[in-house]
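Notes to accompany the following structure.
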Amino acid sequence: MHRRRFLKYSLSACLPAGLVRQTVSAAEPQHQATDAALLPEPRLPVGSALPSLSVLKNESSHAGEFQGTLIARECDIQLTRDTGPTRCQVYNNQLPGPLIELEAGMKVTITFINQLKEATTVHWHGLPVPSSQDGGPEDPIAPGETRVYRFTLPEDISGSYWYHPHPLTGASAQIAKGLAGPIIIRHPDEALKKLPEQHWVISDLRLDSQGQIPENTYSDWVDGREGEQVLINGKRQPRIHLTGQHRLRVWNLCSARYLQLSLPGAQWLVVGSDGGLTEKVSQPQTSVLLAPGERLELLVQGESQHYALNLLPYNRHRMMSPPAEVASVIADIDFTPQSAPVKPGQELRRIEALPPGNNPLRAMMSEKMADIMKNKASGIPPKGAFLINGKSFDVNRMDLHSIAEQVDNWQIINATTMDHPFHIHGGQFQVVQRSLRGVKSSPDYLIWKDTINLQPGEVVMLRMRQTSPGMRMYHCHIIEHEELGMMGNLMVS
Ligand SMILES: [Cu+2]
């Protein structure tokens, strides 16, 4: 663990957890100046009612079809009281982007207009869309261009997904400035379809003293960027009315912030994950963790009338700054206790276990500490600092191979000193086994996932069936790591 010898940090005791910033030891003065310049931050107002997500209009009048338009553009949004408007990059002038509500089996057409001054793409995170429609870095949309994405959803799909840019360069900045939005796919036979829903799209935002969104610091590139202001549906610490009957969908749209959510005094029942409802209702839990990119569906069991939604400290072993030590409150909940519509352990859906395949795929995430430390003066670590199977991403190089409809046996290894959320494009997978510090564990019931967090030293075995040929990315979903090369290509034939 060489990094501990040269990376030092200190906490400012008076700052709440969300405001803790790195200060660097005297040996690294150039970065102290860079990071300190971010303070003081204008804060977004708190206490407004949680807004409902605006919904992308379906421009088609045909049953079973969805046609919508997304426009990415720079947009000035008045977020603070103390500064002028913040220059954001958003879809359809909204932060977060509009909710795309779809139904299983739908024929989907999204016309995307790039009014940014730079190239971008739209990636449909978690959806089994054809490779050509997946918005990968090999398929950039130039400034001023229009691109029509077309795909048909499977008949058996449901769940909470999202969309975001995935260009070869610029993804980190584009997401930090607001380009991300949620997707819900509903199925007529879903077990919990009659429950009222509530949606929490959680993102984070950093503002400088002028109320503008600053560039990444060197620490952001190394650790992944965490905006200090945590937003739910675009609002900071909103007031939320929730009942015991609500089916709560939660998205983590942050680039690098891990969300360990707790309602002290109440408990969560997990009923859904990345790929829709879980096989069974979980046992009651006092906290749930969403790594970047992950989604959960939850029910709340509680008695009180009021709860504070806490973001608990989670140690993801950042290199440049210490773990937060204090919980922060990110929402105030007015709760109406009601009898829970489901019980722990109750079956919600049948999920067929994928059989073991005969195509072993191995992805080992690693870091080159010498490279990470090399470019501190320029503010960006070189590509090659974060690797998969010893290689930095090359859009023209196929790293792994698969065949459509066969099951791949993935072995994911985290050989680094940080947590990394691993994401595979093309659909959903099933975790078979996790192994950490010599302890092996298997899930109690089946869950469809597309993003899975690995702690340092952790090994995850999973099974996935790619349903169509073409190129598929796999990568760390800390967007800065992805952009620095912690990504590979799977060629499905
Ligand atoms: Cu990572």
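One compactness figure for region 93-145 is 1.24, namely its Cα radius of gyration divided by 2.2 N^0.38 Å. Residue ranking by accessible heavy-atom surface, 1.4 Å probe, largest first, among Thr152, Thr111 comes out as Thr152, Thr111. Accessible surface computed residue by residue for region 99-181, with neighbouring protein chains in place and a 1.4 Å probe, gives 31 Å² per residue. For region 374-493, the Kirkwood estimate of hydrodynamic radius, built from reciprocal distances between every pair of different alpha carbons, is 15.1 Å. Net charge of the neighbourhood of His306, taken over other residues with C-beta under 14 Å away and scored Lys/Arg +1, Asp/Glu -1, is -2. Annotation for region 61-150: GluC sites (Glu not before Pro) lying in DSSP loop with at most 14 further Cβ atoms inside 10 Å of their Cβ are Glu145.
Sequence-ordered 3J(HN,Hα) estimates for region 136-153 from the Karplus curve with 6.51, -1.76 and 1.60 and θ = phi - 60° stand at x, x, 7, 10, x, 10, 5, x, x, 7, 10, 10, 9, 8, 10, 7, 10, 6 Hz, glycine and proline given as x.
Adding -39500 (n - 2.57) for every DSSP H run of four residues or longer, then dividing by how many residues the chain holds, sets the calculated 222 nm ellipticity at -1500 deg cm²/dmol. Considering only alpha-carbon pairs that sit under 8 angstrom and 6 or more positions apart, the relative contact order computed for the chain is 14 percent. With all projection directions averaged, the alpha carbon convex hull of region 221-303 covers 6.3 nm². Taking a Cβ cut-off of under 14 Å around Met491, the surrounding Lys, Arg, Asp and Glu residues balance to a net charge of -3, with basic ones at +1 and acidic ones at -1.
The residues Phe112, Phe393, sorted by heavy-atom accessible surface at 1.4 Å with ligands and nucleic acids left out, run Phe393, Phe112 from largest to smallest. Mind checking the dipole of region 196-336: about its Cα centre, +1 per Lys or Arg Cβ, -1 per Asp or Glu Cβ, Debye to the nearest 20? Computed charge dipole of region 196-336: roughly 140 debye.
Atom-type composition of the exposed protein surface of region 153-205 places 54 percent of the accessible area on carbon and sulfur (1.4 angstrom probe).
Size of the chain from its Cα atoms: along the principal axes, largest to smallest, the extents are 60, 54, 52 Å. Sorted on the mean count of surrounding Cβ atoms within 10 Å across their residues, most packed first, peptides 277-285, 357-365 read 277-285, 357-365.
Annotation note: trypsin sites (Lys or Arg not before Pro) in region 383-439 located in DSSP loop regions with a Cβ neighbour count of at most 16 within 10 Å are Lys383, Arg397, Arg437.
Counting only protein heavy atoms and a 1.4 Å probe, region 361-481 has 37 square angstrom of accessible area per residue. Solvent-accessible area assigned to carbon and sulfur over region 359-492 amounts to 55 percent, based on a 1.4 Å probe. Based on protein heavy atoms only, region 196-336 ends up with 27 Å² per residue of surface accessible to a 1.4 Å probe. Shown for region 359-492: lysine pairs separated by 8 or more places, or found on different chains, whose C-alpha atoms are under 16 Å apart, numbering 5. The GluC sites (Glu not before Pro) of region 338-425 that meet both conditions, a loop assignment by DSSP and at most 15 other Cβ atoms within 10 Å of the site Cβ, are Glu352, Glu405. Couplings 3J(HN,Hα) of region 62-74, computed from phi: 8, 4, x, 10, 10, 10, x, 10, 10, 10, 8, 7, 6 Hz, in residue order, whole Hz [Karplus 6.51 cos²θ - 1.76 cosθ + 1.60, θ = phi - 60°; x for Gly and Pro]. A Cβ-based charge dipole, computed about the Cα centre of the chain with Lys and Arg at +1 and Asp and Glu at -1, lands at about 720 debye. Computed over region 196-336, the range of Cα coordinates on each principal axis works out to 44, 31, 26 Å, biggest value leading. Excluding residues fewer than 8 places away in the same chain, name every one of the lysines whose C-alpha is closer than 23 Å to that of Lys194. The qualifying lysines are Lys57, Lys280, Lys343.
The values are calculated or read from the model by the stated rules, or taken from the named source; none is laboratory data. Predicted model, so just to flag it, every value in this text is computed and none were measured. Neighbour counts run over all protein chains shown; Cβ positions are idealised from the backbone, glycine included. Surface areas here come from the heavy atoms of the whole protein model, side chains and all, with no ligands, DNA or RNA. Shrake-Rupley method; radii C 1.70, N 1.55, O 1.52, S 1.80 Å.
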